[in-house]
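Asker: Mind looking over this structure? Questions follow.
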Amino acid sequence: MTNLFKNSKALLTLVSVSSVITTASVAQALTLKVEVENLGPYGGAALTPVWVGFHDGSFDSYNGGLPSEEGLERIAEDGNTEFISKDFLNNKTYVKDGMSGVFDSNQEGTRVDGTIGGAPITAGTKAMSTFDVTADLSNRWFSYVSMVLPSNDYYVANGDPFAFDLMDLFTGNQSQISFNIGRPGTVNDAGTEVNNFSTSAGNGLFPGLPAGQGGPNQGADENGVNANVTDPYANFLNRPDNFDTAFGNLNFNDTTLYPNGIASITISVESVPEPSTTVGLIAMVGLFVFGGLRRRNNHFN
């Protein structure tokens with residue numbers, strides 16, 4: 001009975017340790033590659049470098065009909081990701097209980113963020129970055145924000161923090177997920193700066209437009225709210241007379257020119273923990289447990 005008890009105890013120990021190791025391996029870092037590809041026509045709208053964040057569902061960047069917070073404003077007006085990154089990594093959110101502001105979130109675990117691309121992502125070009133995330137609930141949801149060029153404060157983002165679930169990547173059910181952004185009717189106006197080609201950003205990418213802004217935050221304050229863009233450039237001040245003919249490919253709401261939106265984002269698993277590490281560790285634990293048991297049994301025989 002003594003040996004049977006010891007055998008049972010050893011088996012229970014091995015199973016328990018194995019369970020702990022397996023559980024721990026699930027939450028190990030996973031390297032994800034995020035690629036942004038501009039799908040627009042030649043001479044079409046561009047994107048500033050794209051800010052992305054991985055979180056537990058507690059970060060909401062905007063709601064339609066609400067004012068834009070500074071982190072979002074700085075991207076929408078200037079493509080500057082510094083402010084949103086600081087707020088994000090400090091576990092803030094811009095929308096809470098139907099109100100806009102900079103609020104503490106209920107984030108569990110550590111958020112991860114970064115910027116994709118070092119220059120505007122123009123039609124037909126791509127940019128990518130890799131991110132080490134924890135494959136658990138703390139990094140389960142994906143958010144993005146990018147300024148649309150040329151504009152004063154147009155941007156693309158997911159207003160729903162639960163729009164993009166990465167759990168199938170974490171569990172291995174999928175190796176990648178892909179979705180389109182900036183589909184016709186979904187580009188937003190932050191409502192923070194008056195639309196004016198004399199102070200808009202990205203003009204240099206499109207010869208023939210006015211010189212545009214020469215530094216950040218140069219346009220007149222609009223004091224508006226977030227809203228979908230309807231007719232992208234119809235209401236711009238200092239609009240060139242030949243805009244419709246010379247810059248027609250900028251109309252990102254044209255379903256013929258942009259049937260798949262301005263860009264696509266593809267998130268894929270770049271690397272995963274080596275399974276042999278976990279299996280080998282369990283095997284070593286097993287040898288230790290049963291080796292010790294055998295020595296004890298020999299002692300009592």
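The values are calculated or read from the model by the stated rules, or taken from the named source; none is laboratory data. Here the structure is a predicted model, which means the values were calculated and not measured. Positions of Cβ are generated from backbone atoms using ideal geometry, with glycine treated the same way; all protein chains shown enter the neighbour counts.
Asker: Could you grab me the full set of residues in the range 65-94 that are farther than 23 Å from N152 by Cα and either crowded, with 20+ Cβ neighbours inside 10 Å or free of Cβ contacts under 8 Å to residues at least 12 places away in the same chain (or both)? Write out each step before concluding.
Answerer: Let us first name the residues in the range 65-94 that are farther than 23 Å from N152 by Cα, namely 88-93.
Listed by number, the residues that qualify are F88, N90, K92, T93.
Asker: Taking the conditions exactly as written (more than 28 Å from the chain's Cα centre (by Cα) and surrounded by fewer than 14 Cβ atoms within 10 Å (Cβ to Cβ)), does P207 satisfy them or not?
Answerer: Values: more than 28 Å from the chain's Cα centre (by Cα): yes; surrounded by fewer than 14 Cβ atoms within 10 Å (Cβ to Cβ): yes.
Spelling it out, P207 is indeed more than 28 Å from the chain's Cα centre (by Cα) and surrounded by fewer than 14 Cβ atoms within 10 Å (Cβ to Cβ).
Asker: Condition first: outside any strand (DSSP E or B) and under 17 Å from the mean Cα position of the chain (by Cα). Can you find one or more residues in the range 140-147 that meet it? Lay out the reasoning, then the answer.
Answerer: Restricting attention to the range 140-147, the residues satisfying the condition of being outside any strand (DSSP E or B) are 140.
From what is left, the residues that are under 17 Å from the mean Cα position of the chain (by Cα) are 140.
Checked against the condition, which is being outside any strand (DSSP E or B) and under 17 Å from the mean Cα position of the chain (by Cα), the range 140-147 yields at least one hit.
Asker: Of a type in the set (A, V, I, L, M, F, W, C), closer than 23 Å to P41 by Cβ, over 14 Å from the mean Cα position of the chain (by Cα) and at pLDDT 95 or above - does that describe any residue in the range 122-133?
Answerer: Looking only at the range 122-133, we keep the residues that are of a type in the set (A, V, I, L, M, F, W, C), and these are 123, 127-128, 131, 133.
Narrowing further to those that are closer than 23 Å to P41 by Cβ: 123, 127-128.
After this cut, where a residue has to be over 14 Å from the mean Cα position of the chain (by Cα) as well, the list is 123.
From the residues that got through so far, the ones that are at pLDDT 95 or above too are 123.
Looking through the range 122-133, at least one residue is of a type in the set (A, V, I, L, M, F, W, C), closer than 23 Å to P41 by Cβ, over 14 Å from the mean Cα position of the chain (by Cα) and at pLDDT 95 or above.
Asker: I've got another one for you. Looking at the range 54-134, what strands (runs of 3 or more DSSP E) fall wholly within it and have at least 2 residues that are farther than 17 Å from M147 by Cβ and touching a Lys or Arg at 6+ places or on another chain (Cβ under 7 Å)?
Answerer: Details: elements: 92-96, 99-104, 112-116, 126-134.
The strands (runs of 3 or more DSSP E) meeting that bar are 99-104, 126-134.
Asker: So, one more: Of everything in the range 232-248, what is loosely packed, with under 15 Cβ neighbours inside 10 Å and closer than 17 Å to T199 by Cβ? Give them in sequence order.
Answerer: Across the range 232-248, the qualifying residues are N235, N238.
Asker: Please verify whether the range 225-236 includes one or more residues that are farther than 30 Å from L30 by Cβ, among the charged types (D, E, K, R) and part of a strand (DSSP E or B). Steps first, answer last, please.
Answerer: If we filter the range 225-236 for residues that are farther than 30 Å from L30 by Cβ, which is where we start, we get 225-236.
Then drop every residue that is not among the charged types (D, E, K, R), which leaves 231.
Next, from what is left, pick out any that are part of a strand (DSSP E or B): none.
The answer is no, given that none of the residues of the range 225-236 is farther than 30 Å from L30 by Cβ, among the charged types (D, E, K, R) and part of a strand (DSSP E or B).
Asker: Condition first: in contact (Cβ under 8 Å) with a residue 24 or more places away in the chain and of a type in the set (A, V, I, L, M, F, W, C). Now tell me which residues in the range 200-241 satisfy that.
Answerer: Selection gives A201, L205, F206, L209, A220, V225, A227, V229, F236, L237.
Asker: Can you tell which of E82, E108 is farther than 18 Å from N226 by Cα and at pLDDT below 95?
Answerer: On the way: E82 fails: at pLDDT below 95.
The unique qualifying residue is E108.
Asker: Please work out if G124 is farther than 17 Å from Y258 by Cα and among the small types (G, A, S).
Answerer: Working: farther than 17 Å from Y258 by Cα: no; among the small types (G, A, S): yes.
Considered against the rule, which asks whether it is farther than 17 Å from Y258 by Cα and among the small types (G, A, S), G124 comes out as no.
Asker: Could you please give the count of residues in the range 135-179 that are in contact with a Lys or Arg (Cβ under 6 Å, 6 or more places away or on another chain) and of a type in the set (D, E)? Steps first, please.
Answerer: Of the range 135-179, the ones in contact with a Lys or Arg (Cβ under 6 Å, 6 or more places away or on another chain) are 166-167.
So of that shortlist, the ones also of a type in the set (D, E) come out as none.
The qualifying residues number 0.
Asker: Only one of T199, T186 is closer than 23 Å to N63 by Cα and assigned to a loop (DSSP other than H, G, I, E, B); which? Please lay out each step first, then the result.
Answerer: On the way: T199 fails: closer than 23 Å to N63 by Cα.
Answer to the selection: T186.
Asker: Quick check on the range 31-43. Is at least one of its residues modelled with pLDDT of 95 or more, closer than 24 Å to A227 by Cα and assigned to a loop (DSSP other than H, G, I, E, B)?
Answerer: Within the range 31-43, one or more residues are modelled with pLDDT of 95 or more, closer than 24 Å to A227 by Cα and assigned to a loop (DSSP other than H, G, I, E, B).
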